[in-house]
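See structure below.
Derivation of every value follows stated rules applied to the coordinates shown; laboratory data play no part. Here the structure is a predicted model, which means the values were calculated and not measured. We place every Cβ from the backbone using ideal geometry, glycine too, and count neighbours over all the protein chains shown.
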Amino acid sequence: MDVLSLDLLVVALRLATPVAFVALGELFSERAGIINIGVEGSALAGALIAGIVAHYSGSAWLALAAAVGIGMLLGFIHAIWCVYLRANHVVAGAAVNILVAGLALFLTVLVWDWRGRSASVVSLDPWILVWLLLVLVVVAQVFLFRTRWGLRLRVVGEHPQAADTAGINVYRTRVAYSVLTGALCGLAGAFLVNNLGRFTAGMVGGRGFIGIAAMVVGNYKPIPAFLAAYLFGFVDALQMRLQDVIPSEISMMLPYVLTVIVLAGFLGKANVPAALGKPYIKEQG
């Protein structure tokens, strides 16, 4: 078996794509100071709505837009909870995950009369989204570290009081980037549906959480986060080939074991935004 075959590297890129979309989204959210573990549910919602809209409209492009839209809505809801109502970020994200998981089972029965899965739906060539991801990663890298808007975002996540003093609206900034996070998670879900050609309730399969891990390993930077996501995609592609050599139960554990091992080595080294997860209360004066 040629482990480093070109075919394996290409498959790894496809498998890394939804993880990288989530990682990029979470990066923007956490740079603004918002923890969003609801990215798992947002990606699942994107996949679910993409499947439903494709089923009724017959348009894969309309389904893609709907996936982005539902992701943005969930990102907005999460931001309202965390920014204005000052809810615990982790609890709010967990609520999104639970809500979407329940809706997925209910709506699949309602639409297709099958619990947790859909019939085949029209889909785009998934490589369209792969190339979109690659462009977005480069754009995000330039935006974050070469523009004044990127500097403003980083200041909000590090020193919201200083940002406020400089005239930056901390609340609006956090809401805006939370919505962007949701949009990117919606793209992750849409990719999964377009790649498989149907929706299943378990299709995200922890990729949202692995995306968060990739973001941490990438030290809150777009290109390194993408490379970390690609590493997970490579291991995922490799485990598929190893199923012919070792028991599938063991090989399927590899991406998740790698996530734990890599996180254990990188958690203490990441430059976590100073105001991450902390509510900001604007001083009245």
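How far apart, in nanometres, would the label points at S5 and W131 be if each is projected 7 angstrom from Cα along the Cα-to-Cβ direction?
Between S5 and W131, the simple spin-label model gives 2.6 nm.
Compute the Cα gyration tensor for the stretch 17-222, then decide on rounded, prolate or oblate, letting a ≥ b ≥ c be the square roots of its eigenvalues: rounded whenever a/c is under 1.5, prolate when a/b is larger than b/c in the other cases, and oblate in all that remain. The partial results should precede the final answer.
Numbers: a/c = 2.29, a/b = 1.65, b/c = 1.39.
Cα axes put the stretch 17-222 in the prolate bin.
What does the charge count near L103 come to, summing +1 for each Lys or Arg and -1 for each Asp or Glu among other residues with Cβ under 15 Å from its Cβ?
Its environment carries a net charge of +1.
Quick one: net charge around E158, please, counting Lys, Arg +1 and Asp, Glu -1 for every other residue with C-beta under 12 Å from its C-beta.
Spelling it out: positives minus negatives among the neighbours equals +3.
Give the separation of the Cα centroids, the stretch 97-124 to the stretch 125-151, in Å.
Between the Cα centres of the stretch 97-124 and the stretch 125-151 lies a distance of 30 Å.
Given a cut-off of under 8 Å on Cα pairs at least six residues apart, what relative contact order in percent is computed for the chain?
Relative CO of the chain lands at 36 percent.
Taking the highest mean first, how do the peptides 186-193, 146-153, 203-210, 118-125 order by number of other beta carbon atoms within 10 angstrom per residue?
In descending order of packing, they fall as 186-193, 203-210, 118-125, 146-153.
Taking K and R as +1 and D and E as -1, what net charge do the other residues with C-beta under 10 Å from the C-beta of A237 add up to?
0
Gap in Å between the Cα centre of the stretch 57-80 and the Cα centre of the stretch 202-259?
Their Cα centres are 25 Å away from one another.
Evaluate the distance, in nm, between pseudo-label points positioned 7 Å from the Cα of V111 and of R152 along their respective Cα→Cβ axes.
3.7
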